Amino acid sequence: MEQTYHYPAFQKRKNSKRFLLRLYTFLGLITMITCVYLDLSKNLDKGLSWSRYVISPIAYILLFLAIITNSKKSIQKVIYLSYLTLLFLVYLGSIGNSSVWSVDFVMPLGFISINITMLFFLLIKKRRHHDYAIYSMLTSIIGILPVILLLNHSLTYTWPTITCFLYSLATFIGILIFSPEATKEELKRRLHL
């Protein structure tokens, strides 16, 4: 005698979050295109003027949502969102008339805060120490880069960049010196050294 099983019919769940994300993306893109069209239709010879201030936050939020809904590790999301926010703030300063505050203050102090965040993860999360050490080293290397602006004499205020450089260099050297041997071996293996 053959036994038959009666299972309930499979019902596909509606993913309302995904629909809302797509709807927001669509509305954001329509808004951005409309703003660019209106701005260029009035000021074709001058290029974009006011629409950059509208497009920037919308693009920022779209990228922010794309990173948040991505299935990557949470530490990668923190890094990506931190650099995205920093890039957004520097861009806002550059399109306005006050690029001094964005390049001289926001960028180096933003790099310092990202470095502190990564160092916090490195000290608190002991389980995957080598992953956090790699991310901390990368953020330290990126934090050293603003010194290029200092060497080009394109900064008005130099103390934030010097502070960023010294802090990033100290963090990088500290990770190299104070990391456990297992972490150093894992770094060598992953970085092919």
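Screening segment 90-154 for helices (runs of 4 or more DSSP H) wholly inside it with 1 or more residues that are of a type in the set (Gly, Ala, Ser) returns the ranges 107-124, 129-144.
If I filter segment 175-183 for residues that are modelled with pLDDT under 80, part of a helix (DSSP H, G or I), among the aliphatic types (A, V, I, L, M) and surrounded by fewer than 13 Cβ atoms within 10 Å (Cβ to Cβ), do I get at least one hit? Scanning segment 175-183, I find at least one residue that is modelled with pLDDT under 80, part of a helix (DSSP H, G or I), among the aliphatic types (A, V, I, L, M) and surrounded by fewer than 13 Cβ atoms within 10 Å (Cβ to Cβ), so the answer is yes. Which residue pairs have Cβ atoms closer than 9 Å, lie 6 or more positions apart in sequence or on different chains, and pair a first residue in segment 133-159 that is assigned by TED's automatic domain parsing to the domain that holds Ile114 and over 13 Å from Met107 (Cβ atoms) with a second residue that is among the small types (Gly, Ala, Ser) and not in a helix (DSSP H, G or I)? From segment 133-159, the pairs are Ala133/Ser179. Go through (1) among the polar types (S, T, N, Q); (2) in contact with a Phe, Trp or Tyr (Cβ under 9 Å, 6 or more places away or on another chain); (3) surrounded by 15 or more Cβ atoms within 10 Å (Cβ to Cβ) for Ser99 and report which single condition fails. All conditions pass for Ser99, except number (2).
The set of residues from segment 169-181 being over 25 Å from the mean Cα position of the chain (by Cα) and closer than 19 Å to Met118 by Cβ comprises Ile177, Phe178, Ser179, Pro180.
Name the residues in segment 1-36 that are β-branched (Val, Ile, Thr) and either modelled with pLDDT under 75 or in the same structural domain as Phe64 (by TED's automatic domain parsing) (or both), would you?
Taking segment 1-36 first, the residues β-branched (Val, Ile, Thr) are 4, 25, 30-31, 33-34, 36.
Across segment 1-36, the qualifying residues are Thr25, Ile30, Thr31, Ile33, Thr34, Val36.
Checking Asp45, Asp39 one by one, the residue that is of a type in the set (Asp, Glu), in a helix (DSSP H, G or I) and not assigned by TED's automatic domain parsing to the domain that holds Trp159 is Asp39 and no other. When you check Phe64 against the structure, is it over 25 Å from Thr163 (Cβ atoms) and part of a helix (DSSP H, G or I), yes or no? Taking the combined requirement at face value, the residue satisfies it. When the test is whether a residue is without any contact (Cβ under 8 Å) to a residue 12 or more places away in the chain, assigned by TED's automatic domain parsing to the domain that holds Thr117 and under 23 Å from the mean Cα position of the chain (by Cα), Leu166 passes it. It is to be established whether one or more residues within segment 117-124 are under 17 Å from Ile75 (Cβ atoms) and among the polar types (S, T, N, Q). Yes, some residue in segment 117-124 is under 17 Å from Ile75 (Cβ atoms) and among the polar types (S, T, N, Q).
Yes/no matrix, rows are residues, columns are (1) assigned by TED's automatic domain parsing to the domain that holds Pro180; (2) over 16 Å from Thr139 (Cβ atoms); (3) in contact (Cβ under 8 Å) with a residue 40 or more places away in the chain:
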| residue | (1), (2), (3) |
| --- | --- |
| Lys77 | yes, no, no |
| Ser82 | yes, no, no |
| Leu86 | yes, no, no |
| Ser94 | yes, yes, no |
| Ser99 | yes, yes, no |
| Ser102 | yes, yes, no |
| Phe105 | yes, yes, yes |
| Gly110 | yes, no, no |
| Ser113 | yes, no, no |
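The values are calculated or read from the model by the stated rules, or taken from the named source; none is laboratory data. Everything quoted here is computed from the prediction, not taken from an experiment. In this analysis, Cβ positions are derived from the backbone assuming ideal geometry, glycine residues included, and neighbour counts consider all displayed protein chains.
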